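Since the structure comes first, as structure tokens, the remarks are kept for the end.
Where a number appears in this text, it was derived from the coordinates with a stated rule and is not lab data. As the structure is a computational prediction, the values presented were derived from the model and not from experiment. Cβ: placed from backbone, ideal geometry, glycine included. Neighbour counts: every protein chain shown.
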Amino acid sequence: MKITTVGIDLAKNVFQVHGVDEGGKVVLKKPLKRTQVVPFFANLEPCRIGLEACGGAHHWARELERLGHTVKLMASQLSSLT
């Protein structure tokens, strides 16, 4: 199971993490408290991470990039498109 792409729904206390493999198959669905985010991603192989752009997203993007991940911020208008 190699996670290639992760989406994070940022919230006040608990973030929802959703990961897929190369084929697009869901391999990870996990709620994380703020204190669990950095340790969790430190133990994950570098991958692409998508975040909805908001005030806190820039902080998390910097933290995750320090761990070797590639982070993409998306405008909130794009996150609701199907």
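Brief remarks on what is shown
- Exposed-loop-free span, longest in the chain, where trypsin sites (Lys or Arg not before Pro) count as exposed if DSSP calls them loop and at most 14 other C-beta atoms lie within 10 Å: 26-82
- Rounded to whole numbers, the Karplus 3J(HN,Hα) couplings from phi for the stretch 27-34 are 10, 8, 9, 8, x, 10, 6, 3 Hz, using 6.51 cos²θ - 1.76 cosθ + 1.60 with θ = phi - 60°, and x at Gly and Pro.
- For the chain, a Kirkwood radius taken over Cα pairs fed into Stokes-Einstein (10 °C, viscosity 1.306 mPa s) yields D = 124 µm²/s.
- Label point distance in nm, Thr4-Arg34, each placed 7 Å from Cα along Cα→Cβ: 3.4
- Kirkwood hydrodynamic radius of the stretch 1-49, from inverse mean 1/r over distinct Cα pairs, in Å: 11.0
- The stretch 43-67 versus the stretch 1-24: alpha-carbon centroid distance in Å: 11
- Inter-label distance, Val14 to His59: 2.0 nm, where each label sits 7 Å from its Cα along the C-beta direction.
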